[in-house]
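The values are calculated or read from the model by the stated rules, or taken from the named source; none is laboratory data. Quick caveat, the model's predicted, so the values are computed rather than measured. A quick note on method: Cβ atoms are made from the backbone with ideal geometry, for glycine too, and the neighbour counts reach across all protein chains shown. These area figures cover heavy atoms from the full protein model, side chains too; ligands, DNA and RNA do not enter into them. Shrake-Rupley method; radii C 1.70, N 1.55, O 1.52, S 1.80 Å.
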Amino acid sequence: MTPKEIRTQTPHHDLPGGQVNLLGAVSEVTPSATLVELGGARLLVDCGAPNHDHGWELDGAARKAEAVLLTHAHFDHVGGLVDLIDGGFDGPIYATGATHAIARILLRDSVRLEGARRSEVDAFTKRLDALARPVSYDAPVTIAGPSGSGVTAWFREAGHILGSASVELEGAASRVIVSGDLGRPNSPILRDANTSWRNHRPVDLVLMESTYGGRVHKVEGESLADSLEEIINRSLQDGGHILVPSFAIGRVQLLLYLLDKLVEAGRVKELPVAVDTPMGLRVTEAYKDYKKLYDREAVQKMAAGDDPLDFENLFAVNRHRDSLRLAGVETPMLIIAGSGMCTGGRILGHLRALLPVPETDVIFVGYQARRTLGRRILDAAGSEVEETVWIHREEIPVRAHIHQLHGLSAHADQAELTGWFGAIPDARALGLMHGEGRAQESLAQAVQRLTP
Ligand SMILES: [Zn+2]
C-alpha cells in the first residue's frame, strides 16, 4: 500500500507522542545513528562511525540516549560505540547475539588501531560486554524509559549480514520500523529479510535504507556460483595466482560459501584457497558460532555433514610473515585478502607483487568507489595501453587480468526495497535514509508506483 507521505533526505520526523531524529545517513551512505523518542524513552538505533576518520566526532544528541539498539555489526552502524562508551554511556545495548559477537571483534580492533595498549583494549571490551543485551529474533524486549510507559522492541531478520535486523518499536502512542541495511533475497547463507508483519495497528513511520534505491542488480543470487566458477576456471588456465580483495564482514563468508559449493561439487578442482585477513577469519568463526541463523540451504548442507564455510585446501593465514610468503608460492592459489576496495590491508602487498605478472587474475567482488585503488585498477584494465597504479609510493604496471563478479551485493536493489516496504501493512509515512539524494528520489517514485 502506498503510504500517505514519502519523505526523502529528511532529518526530523514527528510522531504521535514522540519524534525521530537522524543524526547521520540523511542523504548519503554515511554512518547511521537514529535517535527515536517514544513512550518516554530515548533510544539510539545504531551508532556508526566512518572507517579510520580521525577528525570525526559523534553527534552530541546521541549521548542523550538511554539505550542503544544495533541493527547489524558493520562499522558504519556500530563504530561510534567506542566514542559513546568512552563518553560515559552506561545504558543497555540491545542486538542479536551474532551482532554483538561481530561488533565486539570490530570494536576491539578499532580501539587497538587508535593506539590503545592491550590492557586498555581489554578494559574497553569489559565495559562493552557489561552493557551487551543479546536478544532473539522476533522476541519482544521491553525497554522502560525514565518517564512514561516505555517501549517494546522486536528485532526482525534483515538478511544483510549474519545477525542483521530491522528494529520494530512500539509505544503507547506510536509504532515505528527502522529497516537497518536490507540484504538481497536468496543471498548465500543468509535468510531473507522479514516480510510478515503484524497487522494490529498502523505503522506511523517506516525508515528505510536506500543505498541502491536507484539501481537494479542484474545477477540473481542463485547464479552467483555459476559466475564465480566461470571466472575461476578461466583464470586457472594460465597458471597464475587469483587475488580477491574482499570486505572482512559478510563478504568473506559469502565467498567461502560459494567456493565450498564449487569445491564440494567438483566444479573447481585442486585450488588452494588462502583467507589472508585476520579480521575475516575471526568474523568467520563468529558466523560458525551462530549457525542456527543460517538459511535453509546452508542448514541442509550441515545436516549432510558439510561445513558450508570450510572445504579441502582452505587455509587460514593469520601471521603477517605467512602472508608475505603467499605471492612466491609457485602453484596457483586463490588469495582472499582485505580490504574490499584495496584501500589498505594485506591485499596491497599481493597487488604490488602480482599486478605486473600477466598470469595473475584479480576478481573484484564488490562495488569500487571513486578515488579508491580498486577503482583505479578496474579503470586501468579497461584501457587500450598499459596503465600503472601507485601502491606504497611505487608505480606498478597493471598486466594482470581483471574481472568483476556482479551480484554479490549485501544491499537490496530498488525492486527488492519496494518489495520489502510493500509487505508492511498500513504504513502512514515512509522516510528514506542511508542513500544519496538521487537514489532516494528514484526509490520514492518506485514506491509511489506500488499502487496507482
Ligand atoms: Zn551494512
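Brief remarks follow.
A quick yes/no check of all residues on (1) without any contact (Cβ under 8 Å) to a residue 40 or more places away in the chain; (2) surrounded by fewer than 18 Cβ atoms within 10 Å (Cβ to Cβ):
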{"residue": "A353", "(1), (2)": "yes, no"}
{"residue": "R371", "(1), (2)": "yes, yes"}
{"residue": "G374", "(1), (2)": "no, no"}
{"residue": "S409", "(1), (2)": "no, no"}
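- Matching helices (runs of 4 or more DSSP H) fully within region 356-452 where at least 2 residues are touching a helix residue (DSSP H, G or I) at 6+ places or on another chain (Cβ under 6 Å) and more than 16 Å from the ligand (Cβ to nearest atom): 414-422, 437-448
- Some residue of region 370-380 being in contact with a Cys (Cβ under 6 Å, 6 or more places away or on another chain) and not acidic (D, E): yes
Table: residues versus (1) closer than 27 Å to V29 by Cα; (2) touching a strand residue (DSSP E or B) at 6+ places or on another chain (Cβ under 6 Å); (3) not assigned by TED's automatic domain parsing to the domain that holds D226.
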site	(1), (2), (3)
G338	yes, no, no
C342	yes, yes, no
H350	no, yes, no
Y367	yes, no, no
T372	yes, no, no
R375	yes, no, no
D379	yes, no, no
E395	no, yes, no
E416	yes, no, yes
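- Enumeration of residues in region 64-91 that are open to solvent by 10 Å² or more (accessible area, probe 1.4 Å), within 16 Å of the ligand (Cβ to nearest atom) and not in a loop (DSSP other than H, G, I, E, B): F75, D76
- Test: residue in region 140-153 that is touching a His at 6+ places or on another chain (Cβ under 8 Å) and open to solvent by 10 Å² or more (accessible area, probe 1.4 Å): no
- Residue in region 156-163 that is surrounded by 15 or more Cβ atoms within 10 Å (Cβ to Cβ), acidic (D, E) and away from the ligand (no atom under 15 Å from the Cβ) present: no
- Count - residues of region 5-24 that are of a type in the set (D, E) and either crowded, with 18+ Cβ neighbours inside 10 Å or touching a residue at least 40 places away in the same chain (Cβ under 8 Å) (or both): 1
- Every residue from region 25-44 that is surrounded by 20 or more Cβ atoms within 10 Å (Cβ to Cβ) and on the phi > 0 side of the Ramachandran plot: A25, G39
- At least 3 residues being under 24 Å from S187 (Cα atoms) and open to solvent by less than 20 Å² (accessible area, probe 1.4 Å) is the threshold, and among the helices (runs of 4 or more DSSP H) wholly inside region 234-351 those reaching it are 251-264, 278-289.
- Elements of type strands (runs of 3 or more DSSP E) in region 111-162, at least 1 residues being farther than 24 Å from D83 by Cβ and touching a residue at least 24 places away in the same chain (Cβ under 8 Å): 141-143, 151-157
- Failed criterion for L131 (all others in (1) more than 16 Å from the ligand (Cβ to nearest atom); (2) open to solvent by 30 Å² or more (accessible area, probe 1.4 Å); (3) more than 28 Å from L15 (Cα to Cα) hold): (2)
- Residue check, S174 buried (at least 24 other Cβ atoms within 10 Å of the Cβ) and of a type in the set (S, T, N, Q): yes
- Residue among D192, D181 that alone is surrounded by 24 or more Cβ atoms within 10 Å (Cβ to Cβ), under 26 Å from V29 (Cβ atoms) and of a type in the set (D, E): D181
- Any hit, region 92-99, residues being away from the ligand (no atom under 16 Å from the Cβ) and open to solvent by 60 Å² or more (accessible area, probe 1.4 Å): no
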